[in-house]
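A.B. asks: The structure follows.
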Amino acid sequence: MGQTEARKETQMNEERLHHWQNVFSRDKAAQSEERELFVHREALYRGLRDVTVVSDAADAADETPHIYNIIAELIESQVDASIYPVKVTATKRGNEAKARKIEHRINDIVTRLTTPEMIDLAERGVPLQGGCYWQPEWDNSAQSHYTHGGVVLSYRHVQNVIPQAGANDIDEMDHIFLELGQSKETVRRMYGADVSEKAEDEPAARSAFGENEPAEDFVTVRICYYRNADGGIGKFVWCGDRVLYDVEDFEARHLRVCADCGAPEPPDGEGENREAAAENPLFALFSGRKKAKGKTCPACGGNRWRDEVAEEETLLYDIALPDGSVIPARHADGTPEKIPYYKPRMLPIVLQKSISAPNQLLGVSDADLIEDQQASINLCEREILKRLQKFGALLSLPDEAEIEADGGLNVVRLENPAKADMVRLQDLQLNISQHLTMKNAIYEEAKNLVGITDSYLGRYDSSAKSGIAKQTSAAQAAGRLASKRMMKAAAWARIYELIFKLLLAYDDDEHDVLYRDDEGNEQYETWSRYEFLTRDADGAWCWDDDYLFACDSSLSLMSDRAELWQQVLADYQSGAYGNPGDPAALIHLWKMREELHYPLAGQTRRYLEAKQREAEEAAAAQARAAAVGMMPEVDNASVVGGDGSPVI
């Protein structure tokens, strides 16, 4: 690249940097009031001691040394640290088996991705802030001996996401920003850039509390995902005044080719790899290697390389699909087979909101709903403490009386013993009943606003006189919270859809996926993205991504397993699985328990199945013996207890 071309590229980078910096500043300024609320809500959750009195007195603004944090209590009572399993529906006849395979693969991935810490943060962040963000993306560095990259999932606090100003739906946005605090070593490792001389200009990106002290080893990195002219997704990353990453077609496959002649960069190693690379420019995508430096072009001897977008994949070898079919690498005339690369065409940010609100991106915050009630309770707590400090006991004495300590006793000395009756101790009666009544009434207001009952909190509920009534009361509270569960399910359905599309776009490896069949047995199946290749009406290759993604919140992996265990047992005892005395019904009961992760259910099911097989074999032997006049004794209590009843 000549000096003139280098200057043009530098000028273009500076122009793009200034453009996105200006857009970022505009979008962040439009969100300034809401960002102040983010910090205020976090303070409320941790206990804000401010007290505001509707009075002209000097202490109208004060603090209380003790608070009853109802915001934290009511948010904690809603925590549901479960993950809703994916439910995939095929929109075309004949794709039902593929839909089941998508479910198995995604559930396997999510089990590995979702850490308890991320789920814990989201369960509190959503009701507190009105929402949170998830970022599913493909990470080429997530490699192992058998895989070349993988899906990663990150939790993003609302402080770290700056949406396009004026947009109320991520699908309608032209761009969206992330503002992250990252260590300088992480930046060097991810982007190959030395930012050791840079300073952290936005410490608040590392904290939800408005942190304002910069850390020496950290810098602020800003990431922009935007829609390009073709409807795809671009990515622009910068730190301070330095561009770290700029790819307009971020979702496309990128090759390294010679800047002089266009020949593909040779892969690492010798022999077969070099021959394959010479025949197929896309070999580098399958090799999983990192970019190398100092290589010489085998075609022209050059050593300068550039990125090139690959729209099609030239097959190197026949692709054997799990169903036994084969995609040949070459046509009958010997020309290589080419298939298009898939692009998700989705911004890699998913919003999980609380209660939806019109004309705003985030949902309604529970802290905003009950902040007035929290302030009133703080005031009640302060007044109660003030009264406790003022009230006690009063001692009345004659004027000339003196009090002395004598051997641990307080001695009152009087000049005139006749005045002894004037020594009196008066207990002051403290009455805070009105304050407590007001406090309880305010607390009830807060619960009603959020939709929580005492039964839902696990407390004594005077309105529920029986166990069924308590269940009904808790169910009613759960019904009022159903919209939050629905929003959670919608967000995870979106995450699952994006994960599926990432697999179609970048997952070149085959994977063994463990799942349970309809009989409850563990099975393995092979996942390959090529299974979703199909031909359109014109005979051209295309990708089958037409599936509907949803979540079943009733199977929340599992929100209340003990209750489900009891329900399954009740179904068995009522004959829902057949005659309870039938060994087949008993085995089905333990299959259901195994699905619900009942302790040792798998071992019990296998034991009962073995006993049933022994009984069937013994019955068959008895029948054969009867045919020749022999009648051996048979143990008919194979799968029952000593009293003849099934062991439940």
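A.B. asks: For the pairs 198/343; 295/501; 28/198; 98/343; 591/611, flag any whose C-alpha to C-alpha distance is greater than 24 Å. Write out the running numbers ahead of the final one.
C.D. replies: Values: 198/343 35 Å; 295/501 34 Å; 28/198 22 Å; 98/343 20 Å; 591/611 15 Å.
Beyond 24 Å: 198/343; 295/501.
A.B. asks: With the crude spin-label approximation of a point 7 Å out along Cα→Cβ, what separation in nm comes out for residue 93 versus residue 432?
C.D. replies: 7.4 nm
A.B. asks: Identify, among 147, 175, 162, the residue whose Cα sits farthest towards the positive end of the charge dipole of segment 133-259, taking +1 on the Cβ of Lys and Arg and -1 on the Cβ of Asp and Glu, with the dipole about the Cα centre.
C.D. replies: Comparing the listed Cα positions along the dipole, 147 ranks first.
A.B. asks: Quick one: which of 360-373, 176-189 comes out on top by average Cβ neighbours within 10 Å, and what's the full order, highest first? Mind showing how you got there, number by number?
C.D. replies: Numbers: 360-373: 20.0, 176-189: 17.8.
Put in order of decreasing packing, that is 360-373, 176-189.
A.B. asks: Would you work out the relative contact order for segment 218-259, in percent, from Cα pairs under 8 angstrom that are 6 or more residues apart? List each step's numbers first, then the result.
C.D. replies: Numbers: 60 pairs, mean separation 12.8, N = 42.
That works out to 31 percent.
A.B. asks: What does the accessible area of residue 46 come to, in Å² to the nearest 10, when a probe of 1.4 Å is used?
C.D. replies: Solvent-accessible area, nearest 10 Å²: 140 Å².
A.B. asks: From the Cα gyration tensor of segment 42-151, with a ≥ b ≥ c the square roots of its eigenvalues, which class applies: rounded if a/c is under 1.5, or else prolate if a/b is larger than b/c, or else oblate? Don't jump to the answer; show the numbers that get you there.
C.D. replies: Numbers: a/c = 4.18, a/b = 2.71, b/c = 1.54.
It comes out prolate by the Cα gyration axes.
A.B. asks: Give the shape of segment 167-207 as rounded, prolate or oblate, defined through the alpha-carbon gyration tensor: a ≥ b ≥ c are the square roots of its eigenvalues, a/c under 1.5 means rounded, and otherwise the shape is prolate if a/b is larger than b/c and oblate if not.
C.D. replies: Numbers: a/c = 3.42, a/b = 1.99, b/c = 1.72.
Cα axes put segment 167-207 in the prolate bin.
A.B. asks: Compute the Cα gyration tensor for segment 139-230, then decide on rounded, prolate or oblate, letting a ≥ b ≥ c be the square roots of its eigenvalues: rounded whenever a/c is under 1.5, prolate when a/b is larger than b/c in the other cases, and oblate in all that remain. Spell out each step's value before the answer.
C.D. replies: Values: a/c = 1.81, a/b = 1.02, b/c = 1.77.
In terms of gyration-tensor shape, oblate.
A.B. asks: Subtracting the Cα-Cα distance from 0.36 nm times the residue separation, let me have the gained length for residue 330 to residue 540 in nm, one decimal. Please list the in-between numbers first.
C.D. replies: On the way: separation 210, 0.36 × 210 = 75.60 nm, distance 1.49 nm.
Gain in length upon complete extension: 74.1 nm.
A.B. asks: So between residue 563 and residue 486, what do we pick up on full extension, going 0.36 nm a residue minus the alpha carbon distance?
C.D. replies: Details: separation 77, 0.36 × 77 = 27.72 nm, distance 2.13 nm.
Here the segment from residue 563 to residue 486 would lengthen by 25.6 nm.
A.B. asks: Between residue 26 and residue 618, what is the spin-label point distance in nm, taking each point 7 Å from the Cα along the Cα→C-beta axis?
C.D. replies: Those two pseudo-labels are separated by 8.3 nm.
A.B. asks: On a straight-distance basis, which aspartates and glutamates could pair with residue 390 in a cross-link, Cα separation under 19 angstrom, same-chain partners fewer than 8 positions away excluded?
C.D. replies: 59, 62, 63, 381, 427
The values are calculated or read from the model by the stated rules, or taken from the named source; none is laboratory data. Just so we're clear, the structure is a prediction, and the values are computed from it rather than from any experiment. All Cβ positions, glycine included, derive from the backbone under ideal geometry; neighbour counts span all protein chains shown. The accessibility values were calculated without ligands, DNA or RNA, using every heavy atom of the protein model including side chains. Shrake-Rupley method; radii C 1.70, N 1.55, O 1.52, S 1.80 Å.
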